[in-house]
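**Student:** Structure incoming, see below.
Any read-out appearing in this document is the output of simple, stated calculations on the displayed coordinates, not a laboratory observation. Since this is a predicted model, take the numbers as computed values, not measurements. Every residue, glycine among them, receives a Cβ derived from its backbone with ideal geometry; neighbour counts consider all protein chains shown.
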Amino acid sequence: MKTYLMFTAKAFSNQMAYRSEVWFRLLGNFVTILIQVAIWKAVIGEVDVGQVSIETMTTYSILNTLLTALLLNGISGKVDSSLKSGSISSELVKPISYPLYLLFEGLGGSVYQLVFTAVPSFLIAWLYFGIMPPASPVFLAAYVTALLMALAISFLLGYLVSLIAFWFMNHFALSWMLGGLLTIFSGSFLPLWLFPPTWEGVAKLLPFQFLGYVPASLYLGVIPAESILGVFIAGIIWIAILLLIVQWLWKKAISRLVIQGG
Amino acid sequence: MSIISVSGVTKIYRQYRRFPGIIGSVRSLFTRQYSEEIAVKDITFSIEKGEAVGYLGPNGAGKSTMIKMMTGILLPSAGEVRVLNEIPHKARKNNSQHLGVVFGQRSQLWWDLPVTDSFELHKYIYKISDESYRKNLGFCTELLSLSDFINKPVRQLSLGQRMRVEIAMALLHEPEILFLDEPTIGLDVMAKDQIRQFLRAVNQEKKTTILLTTHDMKDIEEICPRMIIVNKGSLVYDGSVAALRSKLGDERRVVIEFAQDPGSIEISGLTLIKEEGSRKTFLFTRNGTTVFDYVSRIAEKYPIEDVSIEDVDIESIIRRLYKQLAAEDEESQGRQPILVGGAN
Ligand SMILES: Nc1ncnc2c1ncn2[C@@H]1O[C@H](COP(=O)(O)OP(=O)(O)O)[C@@H](O)[C@H]1O
Ligand SMILES: [Mg+2]
């Protein structure tokens with residue numbers, strides 16, 4: 001465990017080499033939030049969007065923009081390139097588990113983003129746009145739990161994409177597709193409660209909602225308290241399903257690697 | 001008991017046919033057409049604890065494939081590999097604790113972090129005690145002169161510096177066997193030299209068993225008393241460097257740059273093999289007289305600008321090995337086409 005935490009620590013310091021990027025990220029996040037808020041202001045003035053206020057939508061936009069920085073689906077590029085270039089060999093000759101190494105290394109990046117992007121962006125957004133407090137302490141706790149689930153699910157989805165790419169086609173096509181699915185079905189821009197009922201139903205059957213809609217709605221208390229448990233159970237089932245698929249594919253990838261040499 | 005034993009090992013790569021384009025990539029999913037490539041062909045050898053063995057062969061001879069099978073990241077198609085008495089593929093994690101591996105063309109370092117950070121991570125991965133970490137780091141730092149750049153980020157290192165770091169890292173956990181796949185590829189003469197001296201010291205002082213692949217004959221002469229030569233997957237020689245030299249005759253190439261083109265010159269013992277104006281290349285066979293004798297004899301008659309002496313490259317050694325084998329084959333029909341020269 002200590003070994004894996006070292007990976008997190010090193011990945012964190014590794015990112016420090018790029019700290020000049022921090023300003024661009026802060027600016028990027030600010031602009032993203034600014035545009036979303038402007039859109040919602042225009043929309044809420046014109047059409048009925050249910051019982052939500054502009055404050056709610058502002059907070060929803062801010063939470064989702066910041067969450068995107070923390071997610072781990074970006075690891076897919078790393079796995080893909082190390083499988084294809086064969087540098088996976090160097091990882092396999094070490095006495096460590098490669099998937100765990102990946103996860104903990106990815107977390108180092110997330111912690112870095114949390115400290116240097118999410119927290120400062122949050123403060124800026126709070127001062128400039130205002131952020132609603134969490135609906136209640138219970139919802140705050142649910143929100144934090146949902147964030148951890150979002151990390152796990154985003155990691156598993158990214159890992160899954162890279163493993164699929166190992167066999168089938170190019171990783172960009174798949175990552176791009178994942179990106180598209182995430183943009184729409186996570187509800188990170190358009191909350192699921194604004195979807196037409198059929199599509200809302202579809203979105204709620206997919207794992208992507210945990211990477212946007214679920215955490216933000218828990219924070220805001222949009223999801224009723226009695227549904228929280230059900231949502232978490234669904235999340236855990238998704239984690240379990242993805243974990244099984246990924247384990248199975250990883251075993252296949254390794255045995256192919258060991259027989260065919262990449 | 002041998003620390004490494006390879007018996008009758010063959011590796012056949014099967015490459016499924018791929019079709020170009022997007023439609024092609026979908027088609028590739030369903031095709032079962034493949035071609036086979038025999039990378040390693042029925043190879044047998046064993047290595048004792050403490051040996052330093054050079055695994056020599058031209059590009060594509062199957063050297064990396066053999067290293068991968070010994071480190072457990074590739075399964076042989078036939079035959080058996082045993083390393084530290086285990087099947088490497090099955091005991092990969094356990095064995096890895098006792099192996100050091102350097103892949104010359106691949107870095108194991110963290111690109112943006114100082115060298116020391118990669119070392120420290122290595123310490124955790126291999127659970128190295130503080131004391132032996134300090135001791136081993138000291139040994140490597142001194143002999144490889146790492147202290148000049150140990151605090152620099154890896155991306156700022158030259159290739160030679162990086163390779164020294166890779167080798168040092170592979171030794172921090174005191175492995176019993178050190179595998180190096182082309183550790184000197186692409187390095188300048190100075191860096192090559194330092195690495196060779198270091199590896200020799202590691203083998204002699206720490207008694208680490210070393211197996212290194214290379215296509216540079218010189219690596220072997222300076223580090224390894226024993227060499228194994230492979231070509232197109234097959235083992236063609238296993239024995240000492242000295243035995244091979246005496247077997248093949250000790251040839252060297254002498255390139256002389258004359259002040260002016262001397263026209264045709266004849267000196268018995270030197271064979272002219274290439275002529276580019278005032279620059280001439282001779283083949284020299286050792287026969288009691290040294291190269292310098294010849295050169296000074298030439299220099300008495302013609303002014304010389306520059307002289308360089310090159311060892312014969314691996315390709316021509318193998319070519320001559322084959323010629324030799326063919327000649328012996330004619331003498332005694334039905335002989336096994338493998339030379340196993342007087343080991344050590
Ligand atoms: N993963 C692979 N799939 C198919 N063929 C391979 C693979 N790896 C190596 N080969 C082939 O096997 C032969 C030996 O390769 P290799 O072991 O890398 O040689 P060396 O390291 O001596 O240059 C080469 O002809 C190479 O093209
Ligand atoms: Mg090679």
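**Student:** Could you list, bin by bin from short to long, the percent of Cα-Cα pairs of the protein assembly as shown in 20 Å steps?
**Tutor:** 16, 39, 28, 13, 4, 0
**Student:** Quick check on my link table: of A:LYS78/B:LYS63; A:LYS252/B:LYS93; B:LYS41/B:LYS206; A:LYS78/B:LYS232; A:LYS78/B:LYS68, which ones sit more than 30 Å apart, alpha carbon to alpha carbon?
**Tutor:** Beyond 30 Å: B:LYS41/B:LYS206; A:LYS78/B:LYS232.
**Student:** Could you put A:LYS78, B:LYS123, B:LYS68 in order, starting from the residue whose Cβ has the fewest other Cβ atoms within 10 Å?
**Tutor:** Placing the least packed residue first, the sequence is A:LYS78, B:LYS123, B:LYS68.
**Student:** Now, a different point. Kindly provide the chymotrypsin sites (Phe, Trp or Tyr not before Pro) of segment B:25-116 that DSSP labels as loop, not H, G, I, E or B, and whose Cβ sees at most 13 other Cβ atoms within 10 Å.
**Tutor:** Working: sites: B:PHE30, B:TYR34, B:PHE45, B:TYR55, B:PHE103, B:TRP110, B:TRP111; in loops: B:TRP110, B:TRP111.
Loop-located and lightly packed - B:TRP111.
**Student:** Using a 10 Å cut-off around each Cβ, can you sort A:THR59, B:THR44 from fewest to most neighbouring Cβ atoms?
**Tutor:** B:THR44, A:THR59
**Student:** Calculated FRET efficiency, A:GLN247 and A:LYS84, Cβ-Cβ r, R0 22 Å, to nearest 0.05?
**Tutor:** So the FRET efficiency works out to roughly 0.60.
**Student:** For a Förster distance of 56 Å, can you work out the FRET efficiency between the beta-carbons of B:SER316 and B:ASP148, rounded to the nearest 0.05?
**Tutor:** Details: r = 38 Å, r/R0 = 0.68.
Efficiency at R0 = 56 Å is approximately 0.90.
**Student:** Counting only other chains, and only Cβ atoms inside 10 Å, what mean value do you get across the residues of A:52-63?
**Tutor:** Per-residue shielding by partner chains comes out at 0.
**Student:** Given the options B:ALA299, A:ILE259, A:GLY108, identify the residue whose Cα lies farthest towards the positive end of the charge dipole of the protein assembly as shown (+1 on Cβ of Lys, Arg; -1 on Cβ of Asp, Glu).
**Tutor:** The listed residue farthest towards the positive side: A:ILE259.
**Student:** Hey, rough spin-label estimate for B:GLU221 and B:SER158, points 7 angstrom out along Cα→Cβ, what's it come to in nanometres?
**Tutor:** Here the modelled spin labels are 2.4 nm apart.
**Student:** Another question, then. Relative to the longest principal axis of the C-alpha atoms of chain B, give the angle of the C-alpha long axis of helix B:159-171, reported between 0 and 90° and rounded to the nearest 10°.
**Tutor:** Helix B:159-171 sits at roughly 50 degrees to that axis.
**Student:** Another question, then. Can you give the angle from 0 to 90° between the axis of helix B:115-125 and the longest principal axis of chain B, with both taken from C-alpha atoms, to the nearest 10?
**Tutor:** 50
**Student:** Determine the dipole magnitude for segment B:250-311: charges of +1 sit on the beta-carbon of Lys and Arg, -1 on that of Asp and Glu, nothing else is charged, the reference point is the Cα centre, and the result goes in debye to the nearest 20.
**Tutor:** Once rounded to the nearest 20, the dipole reads 140 debye.
**Student:** Full extension from B:ARG27 to B:GLN197: what is 0.36 nm times the residue separation minus their Cα-Cα distance, to one decimal in nm?
**Tutor:** Taking B:ARG27 through B:GLN197 to full extension adds about 56.0 nm, to one decimal.
**Student:** Simple spin-label model, 7 Å along Cα-to-Cβ: B:GLU331 to B:GLU131 in nm?
**Tutor:** Here the answer is 5.8 nm between the modelled labels.
**Student:** When N counts the residues of segment A:114-262, how does its alpha-carbon radius of gyration compare numerically with 2.2 N^0.38 Å, as a ratio?
**Tutor:** The value comes to 1.21.
**Student:** Neighbour counts of other C-beta atoms within 10 Å: give me B:ASP293, B:ASP238 arranged from fewest to most.
**Tutor:** The fewest-first ordering by Cβ neighbours comes to B:ASP293, B:ASP238.
**Student:** Looking at chain A as a GNM with Cα springs under 10 Å, which of A:LEU151, A:LEU249, A:LEU160 has the largest mean-square fluctuation?
**Tutor:** A:LEU249
**Student:** Grab the Cα-Cα distance for A:TRP23 and A:TRP167, subtract it from 0.36 nm times how many residues apart they are, and report the gain in nm with one decimal.
**Tutor:** 48.0 nm
**Student:** In square nanometres, what is the average projected area of the Cα convex hull of segment A:63-143?
**Tutor:** 7.1
**Student:** If packing is taken as the average count of other Cβ atoms within 10 Å, what order do A:181-189, A:35-43 fall into, highest mean first?
**Tutor:** A:181-189, A:35-43
**Student:** In the protein assembly as shown, what percentage of the DSSP-assigned beta bridges are antiparallel, given to the nearest 5?
**Tutor:** Roughly 65 percent of the beta bridges in the protein assembly as shown run antiparallel, per DSSP.
**Student:** What dipole magnitude, in Debye to the nearest 20, does segment A:2-255 give about its Cα centre under +1 on Lys/Arg Cβ and -1 on Asp/Glu Cβ?
**Tutor:** Dipole of segment A:2-255, to the nearest 20 debye: 820 debye.
**Student:** Scan chain A and note any complete DSSP helix (H) whose C-alpha atoms cover at least 24 Å along its axis and whose Kyte-Doolittle average is -0.5 or more.
**Tutor:** A:22-46, A:54-70, A:137-167, A:228-260
**Student:** Could you work out, residue by residue across A:10-22, how many beta carbons of other chains sit within 10 Å of that residue's beta carbon, and then give the average as an integer?
**Tutor:** Partner-chain Cβ atoms within 10 Å, mean over residues of A:10-22: 2.
**Student:** Oh, and also: Can you bin every Cα-Cα distance in segment A:6-123 into 10 Å intervals starting at zero and give me the percent of pairs per bin, rounded to whole numbers?
**Tutor:** The distribution over segment A:6-123 is 12, 33, 26, 18, 9, 3, 0, given as percents.
**Student:** Let me ask another. Per-residue mean of other chain beta-carbon atoms within 10 angstrom of the beta-carbon, peptide B:66-74?
**Tutor:** Average per residue, whole number: 4.
**Student:** With springs connecting C-alpha atoms under 10 Å apart, model chain B as a Gaussian network and identify which of B:VAL26, B:VAL189, B:VAL154 has the largest mean-square fluctuation.
**Tutor:** Comparing B:VAL26, B:VAL189, B:VAL154 in a Gaussian network model of chain B, the most mobile one is B:VAL26.
**Student:** Here is a follow-up. Which distance in nm do the two modelled labels at B:LYS93 and A:SER13 give, with both placed 7 Å along the Cα-to-Cβ direction?
**Tutor:** 2.7
**Student:** Something else about it: Send over the per residue convex hull volume for chain B, Cα only, as a whole number of Å³.
**Tutor:** 214
**Student:** If you don't mind, another one. Hey, quick one: spin label on B:SER2, modelled 7 Å out along Cα-Cβ, who in segment B:85-120 has an amide N within reach, i.e. under 12 Å?
**Tutor:** From segment B:85-120, the list is B:85.
**Student:** With charges set only on the Cβ (+1 for Lys and Arg, -1 for Asp and Glu), what does the dipole of the protein assembly as shown come to about its Cα centre, in debye to the nearest 20?
**Tutor:** Its charge dipole is roughly 1280 debye.
**Student:** On to the next question. Can you give the Rg and Dmax of segment B:250-311 based on its C-alpha atoms, in angstrom?
**Tutor:** Rg, Dmax (Cα atoms, Å): 10.6, 30.
**Student:** Here is a follow-up. If you stretched the chain out fully between A:LEU114 and A:VAL52, how much longer would it get, using 0.36 nm times the residue separation minus the C-alpha to C-alpha distance?
**Tutor:** Using 0.36 nm per residue and subtracting the Cα-Cα distance, I get 19.5 nm.
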